[in-house]
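Some notes on the structure that comes next.
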Amino acid sequence: MQKTAEVVIVGGGVAGCSVAYHLAKRGCKNVVLLERSELTSGSTCHQARITHVLQQNENLSKLHYYTVRLYPQLEEETGQSCGIHPVGGIYLASTPERHDQIRIQASKAKYLGLDFQTISLEDVHEMNPLLNLDGIISAMFEHNELHIDPSGVTNAYAAGARMNGVKIHRNTPVTATTQQPNGGWLVETPEGRIETKYLVNCAGLWGREVGKLAGINLPLMPMEHQYFVSESIPEIEALGREIPLIHDNDGEYYMRQEGKGLLVGAYELGGLHWAVDGTPLDFGHELLPNDLDRVLDNVVRAMDRMPCLETAGIKRIVNGPMIWTPDLMPLVGEVSQLTNYFVIGGLIPGFSIGGGLGLMMAEWILDGQPSLDIWPIDVARFGDWVTHDYVLDTTADNYQTRFRIFFPYEERTAGRPLRTRPAYEHQKDNGAMFG
């Protein structure tokens, strides 16, 4: 193993490989990526593989759009298939509030120049004649939505990085990181020590552990997430084409075609944390014990909406950990307490934005700042006021309200009260309201 590098990246998931690819494309050749196991270990390997573009923030939408447009280019550059299925996505509204929301989304998309528009229920039926549209008020279609192969995408980034000089070391865990007086870093591994100017923590499920090696506590917490894949469904097979992704946010589930069957996932009430005190170092491609009963209500709603699912057998159930942040937004950027230490963590879903974040990180390192203002995801937004209990409370709340509509200036109660003034209890007893 080489002794020096300009940049050392820790983690060989989609984020780490994307950073390596984009640094190399910018001409930064002396880049080393260290992966503790195999590429795509951790949460990358069991993703539901759905990407979408439109976000609440304009610049984050641009990063998502950049990411999905990059996949065909990656395939052409590297010869590695990304498993692209450009089927688009249908968003259903069964309440007046959801109807208003998708109209707002369509207007925002028009402003951003994205192909995202309201469609008639007749259009929905033509796209997917198997859907039961009872109770549906309106719908929207996102043309840029697709699903991909997680392993293919990650290995395409890795192949592109290698083609441009990046050295990737698998089965090489980082055991220590030490800041040097000149601002650089010493990175210890069982294979030897590397001296580097910049260190990038893209360790995913192990982001907390790698952060602690440098003396920082990153507000990240894994939670279990389940989906299942059905056996082949005759009605799906008879269509002779792939149907669009289905987002029934009022029903609190998502659905897409998988082969000749369906993949259904949900964010249930009472979601479970996993490894709250630290991700086991020997965890890799394993899955967690499944418990489909936890999402039974969501599955029943999916069956009502897609009746052909009712008689389908279950081919497999996937329950894997996903890494969350207190506000559901990624942690990205330079850590303020340290010099030349960068982070990308808490990506949900990473395959929607991983390419864009790799680009931003390469610009941040090489140019001193990213070309877009991405303040909503800057790691600096969380300080030392964030406690372990706060992270537990807020991540649990974000998980079970994943599909909820949040209104302007709405106050969230999870994690509160965190810090109070001496008069707090007296004010509370006398009916005071807090925000």
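The values are calculated or read from the model by the stated rules, or taken from the named source; none is laboratory data. Fair warning: this is a prediction, and the values are worked out from it, not measured in the lab. Cβ coordinates were reconstructed from backbone atoms using ideal geometry, including for glycine residues, and neighbour counts include every protein chain displayed.
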TODO: Please specify each residue of region 355-409 satisfying the condition of being without any contact (Cβ under 8 Å) to a residue 40 or more places away in the chain, surrounded by fewer than 19 Cβ atoms within 10 Å (Cβ to Cβ) and among the aromatic types (F, W, Y).
DONE: W375, W385, F406, F407, Y409
Task: The lone exception for G165 - which of (1) farther than 20 Å from G355 by Cα; (2) surrounded by fewer than 16 Cβ atoms within 10 Å (Cβ to Cβ) it fails - done: (1)
Open item on the list: Just to be sure I understand the filter: pairs with C-beta atoms under 8 Å, separated by 6 or more residues or on different chains, first member in region 294-307 and in the same structural domain as D250 (by TED's automatic domain parsing), second member in a helix (DSSP H, G or I). Which pairs pass?
Closed with: V299/L292; A302/L309; M303/L309
- [ ] Could you tell me whether region 130-147 includes any residue that is among the aromatic types (F, W, Y), closer than 25 Å to D248 by Cβ, surrounded by 15 or more Cβ atoms within 10 Å (Cβ to Cβ) and at pLDDT 95 or above?
- [x] yes
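Rundown of residues vs (1) modelled with pLDDT of 95 or more; (2) under 24 Å from P86 (Cα atoms); (3) not charged (D, E, K, R), yes/no style:
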residue	(1), (2), (3)
V210	yes, no, yes
L218	yes, no, yes
M221	yes, no, yes
E242	yes, yes, no
L245	yes, yes, yes
Task: Selected residue (only one of T420, T339 is outside the structural domain of N298 (by TED's automatic domain parsing), among the polar types (S, T, N, Q), over 23 Å from E224 (Cβ atoms) and modelled with pLDDT of 95 or more) - done: T339
Open item on the list: Given the options D277, D291, D304, D282, name the one that is farther than 29 Å from P219 by Cα and surrounded by fewer than 18 Cβ atoms within 10 Å (Cβ to Cβ).
Closed with: D304
- [ ] Kindly establish whether G350 is touching a residue at least 40 places away in the same chain (Cβ under 8 Å) and over 18 Å from the mean Cα position of the chain (by Cα).
- [x] no
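Looking at the structure I just gave you, is P173 out of contact with any helix residue (DSSP H, G or I) (no Cβ under 6 Å at 6 or more places or on another chain), at pLDDT 95 or above, outside the structural domain of G113 (by TED's automatic domain parsing) and not charged (D, E, K, R)?
Yes; evaluated as a whole, the condition is true for this residue.
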Open item on the list: Taking the conditions exactly as written (among the β-branched types (V, I, T) and either without any contact (Cβ under 8 Å) to a residue 24 or more places away in the chain or outside the structural domain of Q337 (by TED's automatic domain parsing) (or both)), does I246 satisfy them or not?
Closed with: yes
Task: Lone qualifier among P376, P370 - being outside any helix (DSSP H, G or I), over 24 Å from W206 (Cβ atoms) and modelled with pLDDT of 95 or more - done: P370
Task: Filtered residues of region 324-343 (kept if in a strand (DSSP E or B), of a type outside the set (S, T, Y) and in contact with a Leu (Cβ under 9 Å, 6 or more places away or on another chain)) - done: W324, L331, V332, F342, V343
Task: Tabulated pairs, region 61-78, first surrounded by fewer than 18 Cβ atoms within 10 Å (Cβ to Cβ), second at pLDDT 95 or above and not polar (S, T, N, Q), C-beta under 6 angstrom, 6+ apart or interchain - done: E75/C82; E77/G160
Open item on the list: Just to verify a result, which residue in region 213-249, among those that are assigned to a loop (DSSP other than H, G, I, E, B) and within 21 Å of the chain's Cα centre (by Cα), is nearest to Y91 (Cα to Cα)?
Closed with: N249
TODO: May I ask you to list the residues in region 236-254 that are within 13 Å of C308 (Cα to Cα) and surrounded by 22 or more Cβ atoms within 10 Å (Cβ to Cβ)?
DONE: I236
Task: Tabulated pairs, region 155-180, first under 21 Å from A362 (Cα atoms), second among the polar types (S, T, N, Q) and buried (at least 22 other Cβ atoms within 10 Å of the Cβ), C-beta under 8 angstrom, 6+ apart or interchain - done: N155/T40; Y157/S18
Task: Residues of region 152-190 satisfying the condition of being touching a Cys at 6+ places or on another chain (Cβ under 7 Å) and among the small types (G, A, S) - done: G152, A156, A158, A161
